[in-house]
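Worksheet: the structure to be examined is printed underneath.
Just so it is clear, none of the values below were taken in a lab; they were calculated from the coordinates. These numbers come from a predicted model, not from an experiment. Here the Cβ is made from the backbone with ideal geometry for all residues, glycine too, and neighbour counts use every protein chain on show.
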Amino acid sequence: MRFRPEPGGGPGGGRRVEQATRVLLVDDEQAIRTICRVNLESDGMEVVEAADGAQALELVRAESPSLVLLDVMMPDVDGWTAAETLLADPETKDIPVVFLSARAAPEDRLRAQKLGAVGYVVKPFDPLDLAATIRGILERIGRGEREQLNRDLSERD
């Protein structure tokens, strides 16, 4: 969850009001985006979609997502390049990235780890588990476990 100051709270911002979790979903396959969006929205999350890495990089600042769910293999700007760009930018480097990919080799997880990712979902995946996975990651980040999530990427089978 993200919080924002309640309007009219004065210079101190007033009390905090809970905002919905916003996920930037990036995949070049419309069917994958639809399945993910339906399941995430049914869990109360806001979903913003991008069809490729270039569009994701444009949307990330405008939408201020809580998390980016990022496909690896896309035309033009792939997921690796998009993640590298997000990590290199001081304004976006702290946005959690979870990769969504058919690539399941240990070297792919290691590359995701080096790019600061906090999760790696392998296609095919159970779409009914996706929201719980995302919520679990965000809860762990909220408890200060971001570095452990990143380390876990290279310790999975």
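Mind running the shape call on region 18-155? Use the C-alpha gyration tensor, a ≥ b ≥ c as the square roots of the eigenvalues: rounded below 1.5 for a/c, prolate if a/b tops b/c, oblate otherwise. Provide the component values of the computation, followed by the final result.
Details: a/c = 1.12, a/b = 1.05, b/c = 1.06.
Rounded, since a/c falls under 1.5.
Once the piece of chain linking Ile35 and Glu155 is laid out straight, how much longer is it, given 0.36 nm per residue of separation minus the C-alpha distance between them? Working shown, then result.
Working: separation 120, 0.36 × 120 = 43.20 nm, distance 2.81 nm.
That pair, Ile35 and Glu155, stretches by 40.4 nm at full extension.
Tell me which GluC sites (Glu not before Pro) from region 63-98 have a DSSP coil assignment and no more than 10 other beta carbons within 10 Å of their own.
Here the GluC sites (Glu not before Pro) that fit, given the DSSP loop and packing criteria, are Glu91.
With charges only on Cβ, +1 for K and R and -1 for D and E, what is the dipole size of the chain about its Cα centre, in debye, rounded to 20?
600
Distance in nm between label sites at Ala102 and Ala62, each 7 Å beyond Cα in the beta-carbon direction?
Inter-label distance under the simple model: 3.0 nm.
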